1. Hey, can you find the accessible area per residue of region 46-89 for me, probe 1.4 Å, expressed in square angstrom?
2. Using a simple spin-label model with points 7 Å from Cα along the Cα→Cβ vector, what separation in nm is obtained for residue 282 and residue 77?
3. Determine the gain in length on full extension of the stretch residue 153-residue 138; use 0.36 nm per residue of separation and subtract their C-alpha separation, reporting nm with one decimal.
4. If I take all pairs of Cα atoms in region 4-365, what percentage of them are more than 29 Å from each other?
5. Within the chain, which is the longest segment that contains none of the trypsin sites (Lys or Arg not before Pro) sitting in a DSSP loop with at most 12 other Cβ atoms within 10 Å?
6. Excluding ligands, DNA and RNA, what is the solvent-accessible area per residue of region 159-219 at a probe of 1.4 Å, expressed in Å²?
7. If each of residue 124 and residue 204 carries a label point 7 Å out from its Cα toward its Cβ, how far apart are those two points in nm?
8. If you take the square roots of the eigenvalues of the alpha-carbon gyration tensor of region 127-286 and sort them as a ≥ b ≥ c, do you get rounded (a/c under 1.5), prolate (a/b over b/c) or oblate?
Amino acid sequence: MTEKLFQPATAGAIAADNRIVMAPLTRNRADNDTGEVAQMHVDYYRQRARAGIIITEATQVSPEGKGYIQTPGIHTEGQVAAWRRVTDAVHEAGGKIVCQLWHVGRISHTSLQPDGQQPVAPSAVNAGVKTFTKNGFEPTSDPRALDLEELPRVVGDFAHAADMALKAGFDGVEVHGANGYLLDQFLKTGSNQRTDDYGGSVENRARLLLEVMAAVTDVWGPGRVGVRLSPFSPANGISDENPQETAEYVVQELNRFKLAYLHLVEGATGGSRELEEGQSIEKLRALFDGPYMANNGYDREMAIEAVNSGEADFIAFGKPFISNPDLVTRLEKNAPLNKGDSDTFYGGGREGYTDYPTLEEASEEA
Ligand code: 8OZ
């Protein structure tokens, strides 16, 4: 019998051939000056088109939203034309692809910002982490707090990027509300010390995210917008006094947008799945009306079980998709997986990017 994981399903208006999703993966191979993707990106995503849905690597919505070298953007005509080649290739191969819309907030460096300005954040509090610049790993620069009057412009940047993603031929967009970037910085108490309508209560801390969701769903309509959150992750220096309460409020509010899916990083991003007392993914999932996409450390068995039991509708795999272009086939056949080389995860060229063998290629070599 074919497990449910390998059967078609819909994420809102997005019809997927199976429930295996390629998670968003930052790979730092775009042109650093233009933020455009290249031919190797076309090949990389095409190779992975058997995923039910591909979520692109995090893609900045504006020059200010950039926080690492060589990450792509989706705010210029050139970037749209470059991404169009990717979406065409994935569609020709029978796949679906959504663009992850990203603003890094304080996780940046002056050398990556327009005119060498300070990165922006809810409050002028350094995350105390590192980012990668042309000089390698460097501490994040001290951010400045966004003025209240600037927030509509930030929402507008997300709306503009959403519109550009539509023009680039994507099947939808995912708002990056996770991992300690701008929208998460607003959500969580450790990074948000504002005393205006965007800080303090959970209603206020969630306001920017919800305004962004409203603006982006206005562009795309129902069933084409997803959101990724990491309620319990300490990624990028994030902390919250009551993460369960924060997430419960947000998830309930998200129901009004008729989203394609809710995507949660379960536990610490790329790390432990363990939660603390009082923290519950099941409770969050139960509060959400639409499809649920689970992520973080799933293997084949866990994924099959989570989908069979109805705990999750989709499972997003990250690292396994880096080293296994044909991950869906390998999971179907319960075949062994290639190991990934972490030295080539971030930056570089085709090595460790488009040269991992499929099962078929591996057997030809043998
Ligand atoms: C790894 C390195 C740089 C950025 C995330 C966009 O964690 C990222 C990211 C991951 O969401």
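1. Numbers: 1160 Å² over 44 residues.
Accessible surface, normalised per residue, equals 26 Å².
2. Placing both labels 7 Å beyond Cα along the Cβ direction yields 5.5 nm.
3. On the way: separation 15, 0.36 × 15 = 5.40 nm, distance 2.83 nm.
Full extension from residue 153 to residue 138 adds 2.6 nm.
4. Working: 22888 of 65341 pairs.
For region 4-365, the fraction of Cα-Cα distances above 29 Å is 35 percent.
5. Working: sites that count: 134, 339.
That gives 135-338 as the longest site-free run.
6. On a per-residue basis, region 159-219 sits at 27 Å².
7. Using points 7 Å along Cα→Cβ, the separation is 1.9 nm.
8. Rounded, because the longest to shortest axis ratio a/c is under 1.5.
The values are calculated or read from the model by the stated rules, or taken from the named source; none is laboratory data. All values derive from a computational prediction rather than experimental measurement. A quick note on method: Cβ atoms are made from the backbone with ideal geometry, for glycine too, and the neighbour counts reach across all protein chains shown. Accessible surface is based on the protein model in full, side chains and every heavy atom, while ligands, DNA and RNA are left aside. Shrake-Rupley method; radii C 1.70, N 1.55, O 1.52, S 1.80 Å.
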